[in-house]
Amino acid sequence: MAVRKIKTVYDVVCPFCGTLCDDLEVDVVDNKITEVRNGCQIGTKKFFASNPSEHRYKTPLIKVNGSFKEASWDEALDKAADILVKAKRPLLYGFSSTECEAQSKGVELAEILGAILDNTASVCHGPTILAEQDVGVPTSTLGEYKNRADLVIFWGCNPVHAHPRHLSRYSEFVRGYFRKDGRNDRFIVVIDPRNTHTAQIADLFIQVNPSEDYGLLNAIRAILRGVELDEKEVAGVSMENIKELADKVKSCNFGVIFFGMGLTQSLAHHRNIDAAICLTRELNDHTKFLITPMRGHYNVTGANQVFTWITGYPFSIDFSRGYPRYNPGEFSSVELLLKDQVDASLMVSTDPASNFPAASVKNMFKHPLIAIEPHETPTSVNADIILPPAYAGIECEGTAYRMDSIPLRLRKVKDAPNGLLTDREILERLIEKVKEKKGE
């Protein structure tokens with residue numbers, strides 16, 4: 001009986017969430033992942049999802065009379081290019097779960113087509129970017145927080161579920177250079193409308209009324225300035241608790257606010273982040289304080305970086321006039337689809353059918369849809385063409401940006417089944433086809 005050889009790849013970066021844990025060890029036998037060490041449950045599941053299965057697409061598919069038929073790469077790419085070239089207002093969306101090299105090709109394709117180019121920031125941390133453009137941002141790296149922070153605030157986020165290893169690697173349980181006793185050297189505050197699992201392990205939980213964070217942020221700012229508020233409570237939080245929090249943030253040695261979509265996608269949107277950043281800036285009159293968004297997709301930060309390098313703008317970009325124009329809202333995917341202003345879509349490593357409003361999804365499905373997607377999703381099963389890629393960070397190398405804008409190199413741990421192309425290669429070949437059809 002032949003002995004199966006185990007190949008172990010060390011220091012693997014996990015391509016799941018914005019924490020980009022870079023200490024995974026992956027065992028591969030006969031080009032199948034058999035074990036993942038150090039990863040969280042969600043990240044580990046993604047590695048195993050890359051193994052061949054009934055849900056994994058193995059070849060390009062074209063929908064004919066309502067059913068998918070296998071096609072060659074050349075045939076599928078040719079038909080996809082036809083759809084995009086004939087469209088008057090195509091939308092290219094997604095890009096947050098692939099490598100930076102593919103993202104740059106997406107920008108190139110959008111410019112050639114005169115298309116709308118958007119990434120998932122428009123439905124998650126787009127308001128964060130707008131606020132940073134308004135007032136700047138006092139921020140730093142996760143390594144700084146790990147080594148120095150003695151006060152950590154989680155505002156409108158639940159890392160126990162969304163970023164499972166953030167707490168043990170950077171923010172709560174980890175031992176840092178100046179915080180050698182780990183959890184005992186840190187005071188954890190959670191501010192959230194819900195009593196989340198993160199709130200249950202905090203030292204102080206402040207339950208704010210839904211969508212009233214803006215009022216609470218400004219109440220804290222007022223107290224820090226010595227203003228006596230003539231209120232018994234603000235945003236459902238008693239003045240006693242607000243004053244306690246103000247004393248805590250003012251007296252720490254090094255504090256950080258980590259905030260999530262509880263701030264960005266509730267009432268006031270980017271004005272919430274404006275206020276949070278201004279609070280952070282004002283706290284630096286008393287101590288050292290910084291702020292960082294909890295980005296979701298593992299390379300959504302990279303998408304914003306790459307789009308900005310090339311176009312000057314991070315998301316919601318319109319190339320219809322031959323040059324990039326930026327106007328979140330007018331050129332954001334959800335709004336365009338709600339108004340039925342898109343007549344063809346290319347979805348890259350994303351599943352908008354699972355999280356966009358139903359009316360926008362309905363309009364998206366009315367028109368030709370191309371999905372670059374490795375496995376079955378509500379979006380891909382309704383697509384007209386499916387172009388299955390290799391998993392970035394598992395079956396091919398690339399670059400990704402952590403939530404604190406630190407670039408890390410993704411590693412390849414195994415080969416893609418059936419010699420599937422990478423996202424970058426698919427987009428490169430699509431660009432060639434489009435140029436041929438446009439006579440360029």
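The values are calculated or read from the model by the stated rules, or taken from the named source; none is laboratory data. Every value quoted in this text rests on a predicted model; they were computed, and no experiment measured them. For neighbour counting, all protein chains shown are included, and Cβ atoms are generated from backbone atoms with ideal geometry for every residue, glycine included.
Worth a mention:
- Pair list, Cβ under 7 Å, 6 or more apart: the stretch 139-150 residue not assigned by TED's automatic domain parsing to the domain that holds residue 259, other residue modelled with pLDDT of 95 or more: none
- Checking residue 88 against (1) in a loop (DSSP other than H, G, I, E, B); (2) within 26 Å of residue 398 (Cα to Cα), the condition it does not meet: (2)
- Close pairs (7 angstrom Cβ cut-off, 6 or more residues apart or separate chains): assigned by TED's automatic domain parsing to the domain that holds residue 249 in the stretch 166-192, of a type in the set (Ser, Thr, Tyr) and assigned to a helix (DSSP H, G or I) anywhere: 170/145; 171/145; 174/168
- Test: residue in the stretch 311-319 that is over 19 Å from residue 96 (Cβ atoms) and touching a Gly at 6+ places or on another chain (Cβ under 7 Å): yes
- The residue of the stretch 116-154 that is nearest to the chain's Cα centre (by Cα), among those that are among the acidic types (Asp, Glu) and more than 20 Å from residue 80 (Cβ to Cβ), is 132.
- Residue count for the stretch 203-242 under the criterion of being of a type in the set (Val, Ile, Thr) and without any contact (Cβ under 8 Å) to a residue 12 or more places away in the chain: the result is 1.
Yes or no, residue by residue, for (1) under 27 Å from the mean Cα position of the chain (by Cα); (2) more than 23 Å from residue 149 (Cα to Cα); (3) charged (D, E, K, R):
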position	(1), (2), (3)
170	yes, no, no
173	yes, no, no
177	no, no, no
180	no, no, yes
191	yes, no, no
205	yes, no, no
214	yes, yes, no
222	no, yes, no
228	no, yes, yes
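- Extreme residue, farthest from residue 13 (Cα to Cα), among residues of the stretch 94-115 that are of a type in the set (Val, Ile, Thr) and under 19 Å from the mean Cα position of the chain (by Cα): 107
- Looking across the stretch 340-360, the residues that are over 17 Å from residue 87 (Cβ atoms) and in contact with a Gly (Cβ under 7 Å, 6 or more places away or on another chain) come down to 349, 350.
- All of 162, 87, 110 fail the test of being surrounded by 24 or more Cβ atoms within 10 Å (Cβ to Cβ) and touching a residue at least 12 places away in the same chain (Cβ under 8 Å), apart from 110.
- The residues in the stretch 31-74 that are without any contact (Cβ under 8 Å) to a residue 60 or more places away in the chain and in a strand (DSSP E or B) can be counted, and the count is 8.
- The stretch 131-148 - residue that is more than 17 Å from residue 260 (Cβ to Cβ) and out of contact with any Asp or Glu (no Cβ under 9 Å at 6 or more places or on another chain) and, of those, surrounded by the fewest Cβ atoms within 10 Å (Cβ to Cβ): 136
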